[in-house]
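The values are calculated or read from the model by the stated rules, or taken from the named source; none is laboratory data. Keep in mind that what you see is a predicted model, and the values were worked out from it rather than measured. A quick note on method: Cβ atoms are made from the backbone with ideal geometry, for glycine too, and the neighbour counts reach across all protein chains shown.
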Amino acid sequence: MPPPMTPESTVPTQEAALKSLFNGRSELAETRLAVTATQIVERLMIRAGNLTQLMDEELAVDNRLLQFHELPFGKRCDMMGLETMLLQRTAQIQGDRRRENTECWRDLTHAMRDFLNAWEGFSRNEAKNRFLEALPNNKAEPGAAPIPVAPSNYHNDHYTTNYPKK
């Protein structure tokens, strides 16, 4: 048969439960930090890939424009619509590049906000864990003197409770 539960026997269990709770929260916040950091890195990699692809497209269009300008004047006049189309594509690629940079900035702003929130939660839980670890153990050591209790400003008899002393 288990020993009867007393207030003294529940204290370590309560401390363990609090530590477990805060450790769980810290682990969750740490996981959020890792996931958000991964999202930031992935978004930057996507941006780099998109900008590389846009640069390749722009180089291909610029090469076509150079080839177009190397044509004799008579052939160029016949293909003026091609030059306009190539110049429009160049402008479109530059717009796509600006859009990619703006979207990346927006995505990173949201991810950084999430990262900072996770960091705040992690730091707060770590501070709570350090606080709990710094608390004195409530178990008295054998042979240790009892911890004195400060006198209260309230009556301690069973007739009147929680009234200030006169």
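How many residues does segment 45-62 contain that are surrounded by 12 or more Cβ atoms within 10 Å (Cβ to Cβ) and not aliphatic (A, V, I, L, M)?
Count: 6.
If you take the residues in segment 81-126 that are of a type in the set (Ser, Thr, Tyr) and either touching a Lys or Arg at 6+ places or on another chain (Cβ under 8 Å) or surrounded by 12 or more Cβ atoms within 10 Å (Cβ to Cβ) (or both), which one is modelled with the highest pLDDT? If you could, list the steps in order and put the result at the bottom.
Of all residues in segment 81-126, those of a type in the set (Ser, Thr, Tyr) come to 84, 90, 102, 109, 123.
Within this subset, residues satisfying the condition of being either touching a Lys or Arg at 6+ places or on another chain (Cβ under 8 Å) or surrounded by 12 or more Cβ atoms within 10 Å (Cβ to Cβ) (or both) are 90, 123.
Working: 90: 95, 123: 86.
Ranking the candidates gives 90 first.
Test residue 47 against the criterion of being in a helix (DSSP H, G or I), out of contact with any helix residue (DSSP H, G or I) (no Cβ under 6 Å at 6 or more places or on another chain) and within 30 Å of residue 32 (Cβ to Cβ), and give yes or no. Don't jump to the end; show me each part of the working.
Working: in a helix (DSSP H, G or I): yes; out of contact with any helix residue (DSSP H, G or I) (no Cβ under 6 Å at 6 or more places or on another chain): no; within 30 Å of residue 32 (Cβ to Cβ): yes.
Spelling it out, it is not the case that residue 47 is in a helix (DSSP H, G or I), out of contact with any helix residue (DSSP H, G or I) (no Cβ under 6 Å at 6 or more places or on another chain) and within 30 Å of residue 32 (Cβ to Cβ).
Restricting the search to segment 17-64, which residues are in contact with a Leu (Cβ under 8 Å, 6 or more places away or on another chain) and farther than 25 Å from residue 107 by Cα? Even if it seems obvious, please write down each step before you answer.
Residues of segment 17-64 that are in contact with a Leu (Cβ under 8 Å, 6 or more places away or on another chain), as a first pass: 18-19, 22, 40, 43-44, 61, 64.
Listed by number, the residues that qualify are 18, 19, 22, 61, 64.
Within segment 73-125, count every residue that is in a helix (DSSP H, G or I), more than 12 Å from residue 36 (Cβ to Cβ), hydrophobic (A, V, I, L, M, F, W, C) and touching a helix residue (DSSP H, G or I) at 6+ places or on another chain (Cβ under 9 Å).
Residues flagged as in a helix (DSSP H, G or I), more than 12 Å from residue 36 (Cβ to Cβ), hydrophobic (A, V, I, L, M, F, W, C) and touching a helix residue (DSSP H, G or I) at 6+ places or on another chain (Cβ under 9 Å) within segment 73-125 amount to 5.
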